[in-house]
Amino acid sequence: MTFDRDRSNPPEIGGGLPVIEYWAKKTLSPQGAKIWKTLLHKSACLSCAWGTGGQKGGFVDEDHQGLQRCAKSVEAIASELQPAIAPEIFDLSIAELQKRNSQEVNNLGRLSHPMILRSGKRHYERISWQEVFEIVTAAFQKPAERVASYSSGRSSNEAAFLLQLLLRTLGSNNLADCSDLCHAASTTGLKTMFGSGTSMVSLESLQHADCVVLVGSNAPANHPRLMNELIKLRDRGGKVMIINPLIEIGLVKFGSPAFPIRSLLPGSEIASLYLQLVPGSDTALFVGIQKALIEQNLVKWNYLRNVTENWEAVINQAKSTAWTEITETCGISQLEIEAAARMIGRARSVVFAWAMGITQHENGVDNVYSIANTALLTGNAGKLGAGTMPIRGHSNVQGFGSMGVTIHLKKEIQQAIEILLGRSLNLSGGYDTRALIEAADRNQVDTLLCLGGNLYAANPDLTEAKRALGKINTIVYLATKPNLGHFHGLAAENTIVLPVFARFENPHRVTTESGNNFVRLNDSGETHLKDADLISEVEFLCELAARLHGNHPIDWRKLQDTRYVRQLIARTIPGYEKIGQIDETGEEFTIANRVFTEPKFPTSSGKAKMFATPLPTLDLPNPEAFGISRNIPHIVLALGTGRSYAQHNTVVYQADDRYRGMPHRNCILMNREDVRQAGLQEHQRVTVQADAGKLEDVEIIFGDIRSGAALMFYPEVNSIFRAKIDPRSGTPAYKRVAAIVYAQRQFHS
């Protein structure tokens, strides 16, 4: 969040009075009445996956708690309530549009008419819906293996279900999704261990925990409503352990507007213990915690024997790994690790929560295994107030996975769809997001449909992404607003950008899924845009499918009424049976067989499967590997990407980051001692270089970050590195990139 205050003096607490000031600024503005109307609309929040909104009202969460809207929600709503893009957009050349950054592109306004960039042309132009469907229908008649989709969580379950059904009816399994770039390691690891790839903790269950271990998350910025739960946990005498290379002020102390008297101004203490580990060393830290649990006799041996498999391998690894290897890898002392083990082992019910600081590593799946192993060693899986809880970023990204938007389709869903279609499905292969980019770069993709998202900017190595997308014949983008991909991720022949409704404007009632497995029903709405020519994703997908497949065995045009889509979902998606009656009952529900309050899991044996996790090797290259002389002031660091406080995914709302003291997007947050030892200075302009390029005139900002680590803003820094890929989940290692920082000129303070 960005506020008009002294940037050189960051707040001493996260949240706090600046949040109220931001709310007042936005909701008392000329746009304020529309913002309040939307805040009160019965539809799920546009921001993170904590699920406010739905039939209980705009400010009410799935556990009936009120006052649960946050400033991130206001940001997202205000952005969607912008006026339509001015007609002058068609006078601007692609070269001129490509000069704009993410914030400037977002501020162009709402897309209101379909537009196309044709091969050889320098400008977008208006296009009729008739021609849109003619071009797109022809493009989707290419061989199925050369047709693909990419999606984000901004849309509904109904659109997601139709998207995967459309592609699979064609015979394509190329269903890439933004989750491939973030929480795929969570899904892969948890499904293997527990038979379910989502959170096993409901919001109601979280409120029974007396300890939360929060790893690799900047919740104050990305999931502010989680902070309310942490404040309540501390108020009832519980403890919060934070594991993160960077000290985020809001994870130390946070002021929540939901508790205006006791929290807003003084702030509430959050972290009971804060461990600043070496980036990428999470597995080593958790093996250390396991070793300490064994040595302190805090392991639940009967639980392990009765409800887990392969626990001996995990125990043996922890016992046989030397303390020196553990502490040298993670940078946390044995005494601190032992204190962490006591906090976990002596607690009654522990929730282990994490975000992309865990998953976006080359060993992301091992990171997830190591956390879940720790939960199992202490009996903290399968009981009220305990378990594993990956924190999803986008508001319905988990729903897309539930609907089958994945290359790893569950057998039960495949069999149900085969019954629906009356034929078998060929699900061999399929492109996840990174595989899609690589296949496109090999000229193996003809047609791409992007249902939301920003495929170009979300990828590492933007040069590669731009080149690969440029080899696809036809790309169709469905979006509410322009993003960088619409101007850089251009197709070889036709780039089509189609304007769709925001969630609260949708003419259909649709559903979404929270990160804690709760399904919300969203009311229909109407757009504020005048004379706009928008289409809903459901209508577009049904019309395209009808043109491609006719009306047998599915009457596709009938599915433009989302009630019928929900009937198909109820028949084909396990745990979603109640969605078939939701229009009549209005009953929002927790998806069956995901929240575990007893230690019985949907695996083949009914037991949790444990996996030993090798410690990572975290060496960094020397400066010569970057072609840089040792005579130039320099330092090689483990660079991590991050979002600013005024950002949602790749959408940047404001340029600076008030809470980290970063005044603009071209900054690098570094440890003070690292800067001094390198012969550099704060505010010096430097070059930051990785294996795919470099950024110049980067300003050094001191931050409370682990020595040897640094932070820069995503997506801008994506341009300079080719991330290593976790071979099991396909997720890029955005959180540990080898980079060199060096002086580009003499600096005088």
inquiry  = Which residues among segment 532-555 fall inside the zone where the amide N is under 17 Å from a point 7 Å beyond the Cα of GLU134, along Cα→Cβ?
reply    = 544, 547-548
Over 24 Å (Cα to Cα) - which of LYS191/LYS607; LYS383/LYS609; LYS34/LYS578 fall in this group = LYS34/LYS578
inquiry  = Once you place label points 7 Å from the Cα toward the Cβ at GLU325 and HIS64, how far apart are they in nm?
reply    = 5.2 nm
note = Under 5 Å from the placed amide H of LYS239, counting only residues 5+ away or on other chains, we find CYS211, VAL212
request  = Any chance you could run the full-extension gain for PHE259 through LEU425? It's 0.36 nm times the residue separation minus the Cα-Cα distance, nm to one decimal.
outcome  = 54.5 nm
The chain, relative contact order [Cα under 8 Å, separation at least 6], % = 21 percent
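Can you pull out the trypsin sites (Lys or Arg not before Pro) in segment 134-243 whose DSSP state is coil and whose Cβ has at most 11 other Cβ atoms within 10 Å?
ARG236
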message = Testing the spin-label approximation: label points 7 Å from Cα along Cα→Cβ at ASN551 and LYS191. State their distance in nm.
response = 3.6 nm
query = Roughly how many percent of the accessible protein surface of segment 244-395 is carbon and sulfur, given a 1.4 Å probe and a whole-percent answer?
reply = 53 percent
request  = Using θ = phi - 60° and the Karplus relation 6.51 cos²θ - 1.76 cosθ + 1.60, list the HN-Hα couplings for segment 95-105 in order, rounded to whole Hz, with x at every Gly or Pro.
outcome  = 4, 5, 5, 6, 7, 8, 8, 4, 5, 5, 5
ask   = In segment 613-671, which trypsin sites (Lys or Arg not before Pro) are in a loop and have at most 14 other Cβ atoms within 10 Å, using DSSP for the loop call?
value = ARG630
Surface accessible to a 1.4 Å probe, per residue, for the residues of the chain, Å² = 35 Å²
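Using alpha carbon coordinates only, what is the Rg to Rh ratio of segment 472-587, with Rh defined as the Kirkwood radius?
1.01
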ask   = Under 17 Å from the 7 Å Cα→Cβ point of LYS99, by amide nitrogen: which residues of segment 459-492?
value = 487-488
query = Exactly which trypsin sites (Lys or Arg not before Pro) in segment 506-584 are in a DSSP loop and have at most 10 other Cβ atoms within 10 Å?
reply = LYS530
task = Pull out the extension gain between ARG342 and ILE294, defined as 0.36 nm times the separation in residues minus the alpha carbon to alpha carbon distance; nm, one decimal.
result = 16.2 nm
Calculated FRET value between SER272 and ASN9, using beta carbons and R₀ = 45 Å, to 0.05 = 0.95
query = Hey, what did segment 588-663 get for relative contact order, percent, Cα under 8 Å, at least 6 apart?
reply = 13 percent
request  = Mind giving me the FRET efficiency for GLN141 and ASP533? R0 is 30 Å, r the Cβ-Cβ distance, nearest 0.05 is fine.
outcome  = 0.75
query = Each residue of segment 343-349 in turn: what ³J(HN,Hα) in whole Hz from Karplus with 6.51, -1.76, 1.60 and θ = phi - 60°, glycine and Pro shown as x?
reply = 4, 6, x, 8, 6, 7, 9
key: Karplus-derived 3J(HN,Hα), 6.51/-1.76/1.60, for each residue of segment 240-252, Hz, glycine and proline x   = 10, 9, 10, 10, 6, x, 10, 7, 8, 4, x, 8, 8
ask   = With contacts defined as alpha carbon pairs under 8 Å and 6 or more residues apart, what's the relative contact order of segment 230-338 in percent?
value = 27 percent
task = Calculate the spin-label point distance for ARG676 paired with GLU587, positioning each point 7 Å from the Cα along the beta-carbon direction, and give it in nanometres.
result = 6.4 nm
ask   = Across bins of 10 angstrom width beginning at 0, how are the C-alpha pair distances of the chain distributed, in whole percent?
value = 3, 15, 25, 28, 20, 8, 1, 0
task = With a Förster radius of 35 Å, plug the Cβ-Cβ distance of ASP561 and PHE90 into 1/(1 + (r/R0)^6) and report the FRET value to the nearest 0.05.
result = 0.50
key: segment 74-205, accessible surface, carbon-and-sulfur percent (1.4 angstrom probe)   = 49 percent
ask   = Picking from ILE635, VAL74, THR188, whose Cα lies most toward the positive end of the charge dipole for the chain (charges on Cβ: Lys, Arg +1; Asp, Glu -1)?
value = THR188
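The values are calculated or read from the model by the stated rules, or taken from the named source; none is laboratory data. All values derive from a computational prediction rather than experimental measurement. Counting neighbours? That spans all protein chains shown, and the Cβs are built from the backbone with ideal geometry, glycine included. Areas reflect the complete protein model, heavy atoms only, side chains present, ligands, DNA and RNA absent. Shrake-Rupley method; radii C 1.70, N 1.55, O 1.52, S 1.80 Å.
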